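Here the structure is laid out as structure tokens; the discussion comes afterwards.
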Amino acid sequence: MPIIRVALNVPVDTLFDYAANDANQRDIGLRACVPFGKKLLTGVIMDVTSETQVSPEKLKPATCIFRENAPLSPALLELFHFCSHYYHHPLGMVVMNGLPAKLRSTKPSKIKKSPNSYQFSLTQLGLQVDITTIPTKNTVKRRLLTQLNETGVISYQQAKQCSSSALKTLKAFIALGWVVEVPVQAAVSKDKPSIPPLTEEQEIVVNAVSTNIGQFNTWLLQGITGSGKTEVYLRLIAQTLSQGKQTLVLIPEISLTPQLEANFRARFPTTHLISLHSGLNDTERFSGWLQAQKGDAKIILGTRSAVFTPLPNLGLVIVDEEQDNSFKQQDGLRYSARDLAILRAKQANTPVVLGSATPSLESYHNAQSNRYHHLRLQTRAIKNATLPTIHCIDTRISKTKEGLSEPLVQALKKCLSQKHQSLVFINRRGYAPVLLCKSCGWTANCHRCASRLVVHLQNKKLSCHHCGHTEHFPRACPDCGDPDIMPFGQGTQRIEDALVERFPDARILRVDRDSIRRKDAWQNILRRIRNQEVDILVGTQLLAKGHDFPNLSLVGILNSDVSLYSTDFRASERLFIQLMQVAGRAGRANIPGSVLIQTEFPEHPLYQALKQHDYDLLAKILLAERKMAGFPPFVYQALLRAEAHNIDTALDFLTDGKRFAEPPQKVELFDPVPAQLARLKGQERAHLLVQSHSRKALQRFLTEWHKKLKSSASSKVRWSLDIDPMEF
Ligand code: ADP
Ligand code: ZN
Ligand code: ZN
């Protein structure tokens, strides 16, 4: 009797065995529905054997095996196995979370085809059918065949117009092999896509990758903003398409970069492209997944989780903005989509291109030490477009009023008079980050998190940006009763108010998470910017990423000093990346740009490197610091995270964990400490850092330790391992 070993979405580290009469080796990778306790669950068959540890009287039969779709490929299953081992997460949960929601249900996964997405096409066999042999009373049959002979294809709509029984007849044609269903081609635009000749630099880069297109290599493409990385991607994709292969393109957030998708569609108008992002419903997502699995979809554009898409014919992997934090999942399976993308390329023996203006220090270090190939684009692609000049405004000398210094105000004024756009960047939404009582020093704090409540003046609310809790403005200080409580510090709304005050005639637009909440808001904003309906933009990092605003010539940066002396060792890297991105918005087309940074530390090496647009300079300084201090990428880290109602419960769990850890010499365990955000949503958080110079030694230790932790943990603690943690 065959036994199927099934991965189920339950938090234990085993597969579950069931008897299945009709199972064979070819079923590995198919879904099965099985009884589990009193419920039915769906899982994936990871193995088919004849042996099991389960005693015969306890072995239950599987309810059914779903055979309507192709099984998951061995490569995808291998990827799931890797994730489970490397991230120390139960295999069943890895597998099931890697699938679209539709495939997690206990029902067969048929999807209704949207009538507009498919049409009927005559086959070679169908072409040979002699219509005169069909009896004249079969009018529908005759009419359909006649039309098919004329046009080759019939859409659902046309078929329905022809007769109410037309679809039935067409099904019969399909059964006879006369007709096949094919996806409707995307509307082909009449204009031929205009393909610019490559710049010299682009050409070198494209050639380097394309002469090695049939083999695995990791290419770090470090290109300044505006250097034309997208064009490099497009050329490499074109080459991959010409070989009939699929390209996986991972990007941080599709909704924020509609331009990229539009660029891709414009360049490859007849290519089957799917875009996988958070805006899709379950059916759309599953449909895209299936098209990828069948090999029909040739370009798969997606965010983090798209790295789990089945790609039977993968030829190229691209990770744009590879340094972006959103590639790291921050709960459940805490994977890095960038790292997994590299693994997928390796599995398929294809190149992977990591693109960025400011690579992560990890990738930069890998390129410097020749593990990756380093490619560079150092000039802007558009002729005459130059990099913006960057200056610091010393706010110890030029004091700010409502957040704005006089030199910045003057620069904004000049920009307005020249009818250019400007951007004031402050990475904090809301009116002010703190509500403060001047008499006693009380501040409004979230009762669920160890954080301050942010003042939102528009709706007279205080809101926690960590848990979403909101409350009304107090009339007076709850501690001392003084009614004189004041918002302290600046947020986007306050700067917006200050700008309105200073420039009453200017058209000012604020762009942050609050202003883009409504559907389509983001599209509207981008349109207004492009149509020059905006003079001054005030915004957060939402505006920093990948947008091309040709008329923007001035960027003002406020309050970036707060990240200069943070306790987080990645803070400088992130700040620099963010500022490089924002600065990159200025002067993209034919208008020279300038960037003004308000700071109390104009001599700081970070600003010095920024002024010279020299990422390499800063990267080298930061890497030297990290090497001295023993931080990644010079060590590998893992974090044991614990959460409990009570901080002592969390710390005790970690202390116990440390006590029975028995790390080998190569692995170092630190003391348990409270997390940077020590309380979140009412849960106290603490962690314990483990690190090693050897990834292998670290992994070996974690595997053993993980087992012990599981047997010791009390139900009062929620804990997890975070491998290569990004947040502390
Ligand atoms: P990046 O992603 O590197 O910041 P983009 O890909 O957005 O840069 O390119 C910046 C601008 O340069 C875009 O407007 C793009 O159309 C243009 N561009 C790219 N390559 C070329 C080229 N070879 N010739 C002319 N313009 C180009
Ligand atoms: Zn008070
Ligand atoms: Zn909160």
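The values are calculated or read from the model by the stated rules, or taken from the named source; none is laboratory data. On a predicted model such as this, the values are computed, not experimentally measured, just so you know. Reconstructed Cβ throughout: ideal geometry from the backbone, glycine too, with neighbour counts over all protein chains shown.
Please determine, by comparing only the residues of segment 371-385 that are modelled with pLDDT under 95 and out of contact with any Leu (no Cβ under 8 Å at 6 or more places or on another chain), which one is farthest from ligand 2 (Cβ to nearest atom). Break it down into steps so the answer makes sense when it comes.
Narrowing segment 371-385 to residues modelled with pLDDT under 95: 378-385.
Next cut, out of contact with any Leu (no Cβ under 8 Å at 6 or more places or on another chain) only: 378-379, 381-385.
Numbers: Q378: 55, T379: 57, A381: 57, I382: 56, K383: 61, N384: 58, A385: 53 Å.
So the residue we want is K383.
Which residues, taken from segment 286-327, are in contact with a His (Cβ under 9 Å, 6 or more places away or on another chain) and more than 24 Å from Q215 (Cα to Cα)? Let's see the steps before the verdict.
The first filter runs over segment 286-327 and keeps only residues in contact with a His (Cβ under 9 Å, 6 or more places away or on another chain), leaving 291, 296-299, 301-303, 306.
Hits for segment 286-327 are Q291, T303.
Restricting to segment 431-451, what's the tally of residues that are more than 16 Å from ligand 3 (Cβ to nearest atom) and outside any loop (DSSP other than H, G, I, E, B)? Qualifying residue count, segment 431-451: 3. Selection over segment 393-430 of residues that are on the phi < 0 side of the Ramachandran plot, outside any helix (DSSP H, G or I) and surrounded by 18 or more Cβ atoms within 10 Å (Cβ to Cβ) gives a count of 14.
Checking each residue of segment 80-100 against the condition of being crowded, with 20+ Cβ neighbours inside 10 Å and more than 24 Å from I723 (Cβ to Cβ) gives at least one match.
In segment 452-487, the qualifying residues are those that are surrounded by fewer than 17 Cβ atoms within 10 Å (Cβ to Cβ) and not in a loop (DSSP other than H, G, I, E, B), and the one that is farthest from ligand 3 (Cβ to nearest atom) is M486. Checking every residue in segment 615-633 against the condition of being in a loop (DSSP other than H, G, I, E, B), away from ligand 2 (no atom under 16 Å from the Cβ), over 25 Å from R428 (Cα atoms) and touching an Asp or Glu at 6+ places or on another chain (Cβ under 7 Å) gives at least one match. Of the strands (runs of 3 or more DSSP E) entirely within segment 523-599, those holding at least 3 residues that are among the polar types (S, T, N, Q) occupy 594-599. So for segment 109-121 (the condition being of a type in the set (S, T, Y), under 28 Å from L340 (Cβ atoms) and at pLDDT below 85), does at least one residue qualify? Scanning segment 109-121 turns up at least one residue that is of a type in the set (S, T, Y), under 28 Å from L340 (Cβ atoms) and at pLDDT below 85.
Which residue is nearest to ligand 2 (Cβ to nearest atom), if the candidates are limited to segment 427-445 and must be closer than 27 Å to A544 by Cβ and free of Cβ contacts under 8 Å to residues at least 60 places away in the same chain?
Taking segment 427-445 as the starting set, the residues that turn out to be closer than 27 Å to A544 by Cβ are 427-434.
The next check asks that each one be free of Cβ contacts under 8 Å to residues at least 60 places away in the same chain; those that pass are 433-434.
Working: P433: 18, V434: 13 Å.
Among residues in segment 427-445 that are closer than 27 Å to A544 by Cβ and free of Cβ contacts under 8 Å to residues at least 60 places away in the same chain, the one nearest to ligand 2 (Cβ to nearest atom) is V434.
Evaluating Q608 against the criteria (1) farther than 30 Å from Q418 by Cβ; (2) assigned to a helix (DSSP H, G or I); (3) of a type outside the set (D, E) leaves one unmet condition, (1).
Kindly evaluate R334 against the criterion of being under 30 Å from R685 (Cα atoms), of a type in the set (K, R), modelled with pLDDT of 95 or more and in contact with a helix residue (DSSP H, G or I) (Cβ under 9 Å, 6 or more places away or on another chain). Don't jump to the end; show me each part of the working.
On the way: under 30 Å from R685 (Cα atoms): yes; of a type in the set (K, R): yes; modelled with pLDDT of 95 or more: yes; in contact with a helix residue (DSSP H, G or I) (Cβ under 9 Å, 6 or more places away or on another chain): yes.
Considered against the rule, which asks whether it is under 30 Å from R685 (Cα atoms), of a type in the set (K, R), modelled with pLDDT of 95 or more and in contact with a helix residue (DSSP H, G or I) (Cβ under 9 Å, 6 or more places away or on another chain), R334 comes out as yes.
L260 - would you say it is closer than 20 Å to E321 by Cα, within 16 Å of ligand 1 (Cβ to nearest atom) and either crowded, with 21+ Cβ neighbours inside 10 Å or modelled with pLDDT of 95 or more (or both)?
Values: closer than 20 Å to E321 by Cα: yes; within 16 Å of ligand 1 (Cβ to nearest atom): yes; either crowded, with 21+ Cβ neighbours inside 10 Å or modelled with pLDDT of 95 or more (or both): no.
Spelling it out, it is not the case that L260 is closer than 20 Å to E321 by Cα, within 16 Å of ligand 1 (Cβ to nearest atom) and either crowded, with 21+ Cβ neighbours inside 10 Å or modelled with pLDDT of 95 or more (or both).
If you scan segment 369-393, which residues turn out to be more than 21 Å from G593 (Cβ to Cβ) and in contact (Cβ under 8 Å) with a residue 12 or more places away in the chain?
Residues of segment 369-393 more than 21 Å from G593 (Cβ to Cβ): 369-376.
R371, Y372, H373, H374, L375, R376, listed by residue number.
Taking the condition on the phi < 0 side of the Ramachandran plot, touching a residue at least 60 places away in the same chain (Cβ under 8 Å) and part of a loop (DSSP other than H, G, I, E, B), does S714 pass? So S714 passes the test. Taking the criterion of being part of a strand (DSSP E or B) and more than 11 Å from ligand 1 (Cβ to nearest atom), the residues of segment 375-390 that qualify are L375, R376, T389, I390.
Would you confirm whether or not segment 330-341 contains a residue that is of a type in the set (A, V, I, L, M) and closer than 26 Å to S227 by Cα? Checking segment 330-341: at least one residue is of a type in the set (A, V, I, L, M) and closer than 26 Å to S227 by Cα.
Summed over segment 675-711, the residues that are within 16 Å of ligand 3 (Cβ to nearest atom) and in a strand (DSSP E or B) give a count of 9.
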